[in-house]
Every structure is written in structure tokens, then in C-alpha cells.
Amino acid sequence: MVVAGGVAMAAGVRFSRDAAAEIGAGSIAALPSEGGVAPWDYWQSNAGAGALRVASGAILAASPYNTQPWLFRLGSNEIQVIADEKRNLGGLDLFRREFYMGLGCAIENACVAAPSQGFNAKVSLLPDGAADGVAATLAFELTPASAHPHQDAIARRHTHRGPYQRDRQIETSILNAFNRQATSPDVKLLLINARDDAGKAFSDLTLEGTRRILDVESLREGRHAGIRASASGTNIDEAAFQKIDKSWLELTQAVTCATAPSFGLIMVRGSRADHRLHIEAGRLWQRIHLEGVQRGLALQPMNHSIEVIDFETQGGGNSSIAARMNLGGVWNGWEPIFGFRVGYADGPAPASGRRPLSAVVIS
Ligand SMILES: Cc1cc2nc3c(=O)[nH]c(=O)nc-3n(C[C@H](O)[C@H](O)[C@H](O)COP(=O)(O)O)c2cc1C
């Protein structure tokens, strides 16, 4: 198969760079239209070429509640990643922090996929501010085709919500590899041993955050909007939501918090309402997840307490949760905007469904 600039053919699907350019010009009829797990198969079978192939990797990225808040405008030598404004979590994501982090995850996957097509992606974040909805422009410089170090991990990266081996610590070399993923001066990673005081605080505050989300109507409604979006059209009634919420609280306590050997926080220097920082942090999360998967680890975001910090600080007030995070000196000037756990699990996590390319590529 030729992927570096000409034609790629797999699973009966044939696209060329010219086709990708044509798609950029408005002909989107030929795009794969099957969602669910089909986009994972499409990527795995090496289908598509050029900008289309890059977009097919981007849509496999993480996003809050699997809302997939992205659209893509494809050209022969660039991609625009566009915010799909309506796919947000409302009151649960007051600063649109998670929304833009999801866009950052897609941008990162696109950058990982690009070298296989002979593209080096030059990324401009929010080229016109956030006003016109363009989260990023990826301009492609031609380069010899190569595999990005995280290329193979795109297909295997899934959020793992099962039990982790609590007593198996993560090797220092891997923790160092995670730290090396933080390449922007305003975004950093804080790794926390679950057995330390900071780890116990992280766990307690996650549970407190979970209860607050279920108790406060605007937070709960935002969560339910996210569940509805990821259930894609399925009607979930009030009784079903009560069951889902109850088991979420139980799972958070008995599995998510109780079995994690390590937690992590992504911190940003600046305002927690800054979309550029959100996108950078999303890119970092995606890189950490890809790096971890490649090294045999399981990872899961844990943002229950972070969402409550947004809620508590939206009007400029202080956050009681943030004050108890036990972050000591590292707190000064830095905001925690994303939490997660990482460890070894006994098996892989399942893939979650995706919107098809035909639904997210626009002219
Ligand atoms: C900004 C952001 C916040 C997230 N927060 C959580 C969370 O608090 N708990 C959780 O289980 N998953 C969380 N996720 C993971 C998403 O639910 C997941 O990426 C999505 O369902 C797609 O599944 P996948 O990651 O397995 O492809 C988050 C993802 C992103 C990008």
C-alpha cells in the first residue's frame, strides 16, 4: 500500500490525495458513513489517504462524555479543526474547559497521524481567536513519510474504567516518560502516589465532587446531557438516570478511587477559562494516554472534582475543593484542570463508538 502521497486502498475503500482535496472543495458524498466501531476498523485497515486519513485518526481521540465536539474542513495541504459548539456539557463545563480539551485531543491525534501521509503538521491554535469556531489550523509541510512514535497506539487507546492493580507501582522510567510529554511551558503534569496524603485527598475530593455533581441540578443536568449525547439518540428516562447515577457513585468509590495506584493532574499556568490552555492540556492528555497505552498501562480521566472547581469559581470565588487538594507550593499561579488515574489492569478496555467521517467532515 502506498500512503505517502499517492493512493491507499484497503477494505475496498480507495481514496487519493486528490480525493481529499476534492472533499475539501465540497464533495463529501464519498465519505465513510458508518459510525459506531466502523471508524476504528477504517483506521485499522489503513484506509484513506492524505488529509482524509489524518482526519480518520483524529476522530478516534478522547472527548468528554464522548461528545466528539469536532468538525473538520479538509484541504489538500491543511486541515481546519472546528468546534461543534452545540456538543457541550452545559452547566457541567462552565468554562468549556473539557470541550476545548476534547478538541485538543483530536488535534493531537491528527498530528500523530500526519507523518504517515508525508505531512509535518504546523499547528496554529485559535488562529482568529475562538470567535469563528476554528480551534486550530494544521498546515501540512511535505516530508518523507514516517511513523510517529504514537501512531500504533491510536487504535489501542481506550478509556479503561475497570479495576487496576492497586499494589503494582508504575516504574520511574514510565513516570519520566509521562513528564516528557509536557512540552508547553504553561502546561505541566503532577503525578501523585495514591498512598500519599495528596493521593488520599485526590480520592476523597473525587468522591465529594461526584456527590456534588449528583446533588446540584445544573451539574447533574450537564452530566445527563453528556450521557444522552454519547447514547446517541437513545431515550433515557428519569428512572434510568437514577440507576446510572447510583452505579456511577458506587463505581467511583469501589473501583475508580479504590484500585488506583497513581493519580495525575494536568496543571496550567494562567486562567482556567483560557481556551488555548485547554487545547494545550487536551493535547497533553492525549499524548500521555497514547504513551501509557504503548507501555501497557491503563488510564482513565477523573474530572469530578475539577468540574466542581469550575462551578465554585465561575463567579470569581474561591474553591473549597481546590483549597483541600493538598498541592502545597505547586499550586501558586497554576490551576488543576484535568485529573486522571493510571495503573496496570488485567485486560484491555473496549472501544467506544464514533460519529462517522461523513458527519464530521464539512465543506
Ligand atoms: C476533557 C475530558 C474529560 C473526561 N473526563 C472523564 C471523566 O471524568 N471520567 C471518565 O470516566 N472519562 C472521562 N473522559 C473520557 C471520555 O469519556 C472518553 O474519552 C470518551 O468516552 C471516548 O472514549 P475513549 O476514550 O475510550 O475513546 C474524559 C475525556 C476528556 C477528553
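The values are calculated or read from the model by the stated rules, or taken from the named source; none is laboratory data. Remember, predicted model here, so these are calculated numbers, not experimental data. Note that we place each Cβ from the backbone using ideal geometry, even for glycine, and neighbour counts take in every protein chain shown. Areas reflect the complete protein model, heavy atoms only, side chains present, ligands, DNA and RNA absent. Shrake-Rupley method; radii C 1.70, N 1.55, O 1.52, S 1.80 Å.
Brief remarks follow.
- All lysines inside 25 Å of Lys200 as judged from Cα atoms, apart from same-chain residues fewer than 8 positions distant: Lys188, Lys246
- Stretch gain in nm, segment Asp128-Asp196, where the contour uses 0.36 nm per residue and the Cα spacing is subtracted: 20.1 nm
- Estimated from the Cβ-Cβ distance and a Förster radius of 25 angstrom, the FRET efficiency linking Glu85 and Glu208 is about 0.20.
- The phi torsions of the range 60-76, fed into the Karplus equation with coefficients 6.51, -1.76 and 1.60 and a -60° offset, translate into couplings of 8, 6, 6, 7, x, 6, 6, 6, 6, x, 10, 9, 10, 10, 9, x, 6 Hz, rounded to whole numbers, with Gly and Pro shown as x.
- Cα centroid separation, the range 58-90 to the range 96-122 (Å): 10 Å
- Interchain or long-range residues, amide H under 5 Å from Glu78's placed H: Phe140
- Cα pair distances in the range 241-363, grouped into 5 Å bins until the bin that holds the longest one, percent each: 2, 8, 14, 19, 19, 17, 12, 6, 2, 0
- Stretchable slack from Tyr344 to Ala30, in nm (0.36 nm times residue separation minus alpha-carbon distance): 108.9 nm
- Exposure check, 1.4 Å probe, all protein chains in place: Glu250 carries approximately 100 Å² of accessible surface.
- Computed over the range 39-148, Kirkwood Rh from alpha-carbon pairs, angstrom: 14.1 Å
- Label separation (Ser45 vs His148): 2.4 nm, computed from points 7 Å beyond Cα along the C-beta direction.
- Heavy-atom accessible area with a 1.4 Å probe sorts Lys246, Lys122, Lys188, Lys86, largest first, into Lys86, Lys246, Lys122, Lys188.
- Residues in the range 43-49 carry Karplus couplings, in order, of 5, 5, 8, 6, 6, x, 8 Hz; the curve used is 6.51 cos²θ - 1.76 cosθ + 1.60 with θ = phi - 60°, and Gly or Pro positions show x.
- Relative counts (whole %) of C-alpha pair distances in the range 144-229, using bins that are 5 Å wide: 3, 9, 10, 16, 19, 17, 15, 8, 3, 1, 0
- D by Stokes-Einstein for the range 288-356, Kirkwood Rh over Cα pairs, 25 °C, 0.890 mPa s: 168 µm²/s.
- Portion, in percent, of the accessible area of the chain that falls on carbon or sulfur, probe 1.4 Å: 50 percent
- Size of the range 73-225 as Cα extents on the principal axes (Å, biggest first): 49, 41, 29
- Difference of contour (0.36 nm per residue) and Cα-Cα distance, Ala139 to Asn318: 60.4 nm
- In sequence order, the range 197-203 has phi-based couplings of 4, 5, x, 5, 5, 4, 5 Hz under the Karplus curve 6.51 cos²θ - 1.76 cosθ + 1.60, θ = phi - 60°, and Gly or Pro positions carry x.
- P(r), alpha carbons of the chain - 10 Å bins starting at zero, rounded %: 5, 25, 34, 24, 10, 1
- Folded to 0 to 90 degrees: helix 238-251 orientation relative to the chain principal axis, Cα: 70 degrees
- Cα convex hull of the range 172-343 - mean projected area over all directions, nm²: 10.5 nm²
- Residue (of Ala359, Phe340, Met302) at the positive-pole extreme of the range 290-363, dipole from beta-carbon charges: Ala359
- Helix content alone sets the calculated 222 nm mean residue ellipticity of the chain: runs of n ≥ 4 DSSP H residues at -39500 (n - 2.57) each, divided across all residues, give -11500 deg cm²/dmol.
- The chain - accessible surface per residue (Å², probe 1.4 Å): 40 Å²
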